[in-house]
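The values are calculated or read from the model by the stated rules, or taken from the named source; none is laboratory data. Note that this is a predicted model, so its numbers are computed, not measured. No Cβ is skipped: glycine too gets one built from the backbone with ideal geometry, and neighbour counts run over all protein chains shown. Surface accessibility is based on the protein's heavy atoms, side chains included, excluding ligands, DNA and RNA. Shrake-Rupley method; radii C 1.70, N 1.55, O 1.52, S 1.80 Å.
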Amino acid sequence: MYKPVLLIGTALCVASLGACTTTTDTTMATATEATAIPEGTGIFAQPSALPFHAPDFTRIADADFKPAIEQGMAIQRAEWTAIANDPAAPTFDNTIIALEKTGRMLDRARSVFSVKTGTVTNDTLDAIDAELSPKLAAHSDALYLNDAIFQRVQAVYDTRATMNLTGEDKALLERTYEDFVHAGAKLSPDAKAQLREINTTLSSLSTKFSQTLTEADKYQALVVADRAALAGLSEAEIAAAAQAAHERGLDGKEIITLQNTTQQPKLDSLTNRDTRRELFEKSWNRTSDGSATDTRGIIRQLATLRAQKAALFGEPDFASYQMYDRMAGDPQTAIEFMKGLAGPTAKAQLREAAAINEEIAAEGKNFSVEPYDWDFYAQKVRAKKFDLDAGQIKPYFQVDRVLEDGVFYAANKLYGLTFKKRADIPTWHSTVSVYTVFDADGSELALFYFDPFKRDNKRGGAWMSSFVSQSHLYGEKPVIYNVLNIAPPAAGEPALATFDDVTTMFHEFGHALHGLFADQKYPSLSGTAVARDFVEYPSQANEKWAMEPTVLANYAKHYETGAPMPADLLTKVQESQTFNQGYALGETLAAAMLDMDWHTLPDGKVPEDVNGFEAAALEANPLHTDLVPPRYRTSYFRHIWSGGYSAGYYAYLWTEMLSADTGEWFDEHGGMTRANGDRFRATVLSRGGTVDYGAAFRAMTGKDPEVEPMLRQRGLLDETD
Ligand SMILES: [Zn+2]
């Protein structure tokens, strides 16, 4: 079965592990006679003949996707119908494994389509994507709302006690059953009808929210009539602002467009306080100003329908419904976790505000810091404290060297992996490189692609995905890729990375490790097929090795001289990691708590006044949200209203807790050793979705996760706490 794997790279970008909403159109036929499975045609009909079944990009044309995906859906529907109509009594093999084996051609076509639309898209591919998206959503409903199939799944599930299933077989049965139940298979016919209606409305409301927000980000820009108001911006930035105004027929003015976060990038350099305040207020009010892009009405409907949906399932609220497969398990656990972070974060916010107020006073100004002053003065505090210029660091981070002598080197020290670059595997772009990954015993483990550079037709952010999931069922080894958005080098110049890019490279390779160490029988349980609040654990854990002294010494070398990064520069980089973390963690935490506030509302309790509810919720938490507002306000919180992160934004922080705690376990047990790496591989990285997440964490560290290591890593544990 298709397993969407689009993993977020740097924290806080919207990416999807599979949309949370479903639509209803069930196009599946319920034939009564034995079902003929259509034969596939074209390049995706069979596994590729290349090593590891790597896609043969030299033979794939844009025109291949639509027919292949449509044919793939038709084949899978026929496969489902054949299972539904099987005259034999339901068994684990003829129902659960049979379901697992459906949709092979569709998987092949979609995995390649996904890399093309994500990294080298064009109008043709975009049009196919827009046309096929709703069809694919309806396609998955055709499975989960099919009563005949669910009756068979239920029958197998009911006899599980007598079947003596173990390990992965047991996990596959349980997950298949739970997915059906979660999608509504057990509801009464009346409730099912209501659910279909709710799902359809939710789906269109989410789309409407997303489109409205996109409009707001474009048109709720700050228009400036007097160029002096833009003091502090560079000439190039001012020229861009004038060009933006020109494009809207506002010649002679300047426009600062909005980014979809509360804080805006230019707030760190605008010297005019009134401009800063106006820009911030534009941002804060962009979708709650009563204009055409006001989203509050949509949000009330979304929250109301989600609470109703939860009630249909007998759950007290949407968060309880949504968290059925998460490591945290229930909303209260996630809320308690966040409360544990909030106290120390609030204290750090006051310390940081005090330092900023000192800086303001030192300039002879007579005001206290407001959210729109924060970045501007934090920059100045940072410059004084660390004297660190990004331009000093970059020459030490040559992209190829960071990959081969940093990321791969750490994987060699921890897991014994070796890598061999190969030129015989076709890719989707000339700057993509391919490596065979060899295990410690010298055997071939996987194929790994690396697509480093930003392009105009590439989606932003960074992610990992795969063309082939590891599985013993098909005897397939993983074929995995990492995508980043590093600024490409000018002609003739070396490709250099920022420190953030370096961290992201280690992060994405952490996801890759999760995929390439997979050791599962079934593809749908393989590798990264884990819960949202677990999937970022391996990736965040791998970030640690970017700063490991022996690893750094191996990759951080000046691109011209080969000289290692000077010790004092290195120290500054390390120390600056904990700067401003009361703000950084606080804004994420405030947003994550707001997400839970909205999604723990019982049916019938959704408030009329969106902003009033939000104000009360922000007031009630221990954070200083008057100084550090949430990263996303309710009315422009894309992750939770249309991004699939409803009752899930906490997951970014939850996995940081897991990875920081694991990092301290490594430190206390000898650090970067083969034995420690093998332990992480055995307990977490190789287990896919076959284990209880809490048990996997305990197997690795010998205890339950705690928040202190994460707070320590961010420098938020005051000595006096
Ligand atoms: Zn990630």
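If the limit is 25 Å between Cα atoms, which of K454/K557; K218/K365; K413/K557; K116/K544 go over it? Violating the 25 Å Cα-Cα cut-off are K218/K365; K116/K544.
Between R459 and T550, what FRET efficiency comes out of the Förster formula 1/(1 + (r/R0)^6) with R0 = 51 Å and r the beta carbon distance, rounded to 0.05? The formula returns an efficiency of 0.90 here.
Take every Cα pair under 8 Å whose residues are at least 6 apart in sequence, average their separation, divide by the length of region 88-213, and the relative contact order is 30 percent.
Using R0 = 25 Å, the C-beta based FRET efficiency linking A354 and A390 works out to 0.40.
I'd like the carbon and sulfur percentage of the solvent accessible area for the chain, probe radius 1.4 Å, heavy atoms only, ligands and nucleic acids excluded. Walk me through the numbers on the way to the answer.
Details: 14460 of 28860 Å².
After summing per-atom areas, the C and S share lands at 50 percent.
Take the Cβ-Cβ distance between Q46 and E619 as r, set R0 to 45 Å, and report the resulting FRET efficiency rounded to the nearest 0.05. That pair, Q46 with E619, gives E of 0.15. Remark: the Cα gyration tensor places region 640-721 in the oblate category, a/c being 1.5 or greater and a/b not exceeding b/c. The modelled label-to-label distance between T418 and N164, using points 7 Å beyond Cα along the C-beta direction, is 4.4 nm. Label-to-label distance for A491 and E281 is 4.9 nm, based on points extended 7 Å past Cα in the beta-carbon direction. In sequence order, region 43-56 has phi-based couplings of 5, 8, 5, 10, x, 4, 7, 6, x, 6, 6, 5, x, 8 Hz under the Karplus curve 6.51 cos²θ - 1.76 cosθ + 1.60, θ = phi - 60°, and Gly or Pro positions carry x.
Which shape class, rounded, prolate or oblate, goes with region 496-653 when its Cα gyration tensor gives a ≥ b ≥ c as root eigenvalues, a/c under 1.5 marks rounded, and past that a/b bigger than b/c marks prolate? Don't skip to the end; give the middle numbers.
Values: a/c = 3.50, a/b = 1.53, b/c = 2.29.
Cα axes put region 496-653 in the oblate bin.
Maximal additional length on extending the V381-T257 stretch stands at 42.0 nm, based on 0.36 nm per residue less the C-alpha distance. Extension gain, D400 to R273, is 41.4 nm, computed as 0.36 nm per intervening residue step minus the present C-alpha separation. Distance from the alpha carbon centroid of region 595-665 to that of region 155-176 works out to 36 angstrom.
Descending by average beta-carbon neighbour count within 10 Å, the peptides 55-64, 303-312, 170-179, 632-641 line up as 632-641, 303-312, 170-179, 55-64, the highest first. If the chain linking E476 and D704 were pulled fully straight, counting 0.36 nm for each residue of separation and taking away their Cα-Cα distance, it would gain 78.7 nm. In a DSSP loop and with at most 14 other Cβ atoms within 10 Å, the trypsin sites (Lys or Arg not before Pro) in region 418-459 are K454, R455.
All C-alpha pair distances within the chain, sorted into 10 Å bins from zero, spread as 3, 13, 23, 27, 21, 10, 3, 0, 0 percent across the bins.
The helix-only estimate of mean residue ellipticity at 222 nm for the chain, built from DSSP H runs of length n ≥ 4 each weighted as -39500 (n - 2.57), is -15500 deg cm²/dmol after division by the residue total.
With just the Cα atoms defining each centre, how far is region 554-581 from region 79-121? Give it in Å. Region 554-581 and region 79-121 have Cα centres spaced 48 Å from each other. A 1.4 Å probe run over the protein chains yields, for the chain, 40 Å² of accessible area per residue, whole-number rounding.
Taking region 358-399, which GluC sites (Glu not before Pro) meet the DSSP loop condition and have no more than 16 other C-beta atoms within 10 Å? The partial results should precede the final answer.
Values: sites: E358, E359, E363; in loops: E363.
Qualifying residues, ordered by number: E363.
Could you give the DSSP H helices of the chain that reach 30 angstrom or more along their long axis (alpha carbon positions) and whose average Kyte-Doolittle hydropathy is no lower than -1.0? Before the final figure, lay out the partial values.
Details: long enough: 123-144 (32 Å, -0.05); 189-219 (45 Å, -0.72); 331-362 (45 Å, -0.01).
TM-like helix candidates: 123-144, 189-219, 331-362.
The trypsin sites (Lys or Arg not before Pro) of region 530-628 that DSSP puts in a loop, and whose beta carbon has at most 16 other beta carbons within 10 Å, are K605.
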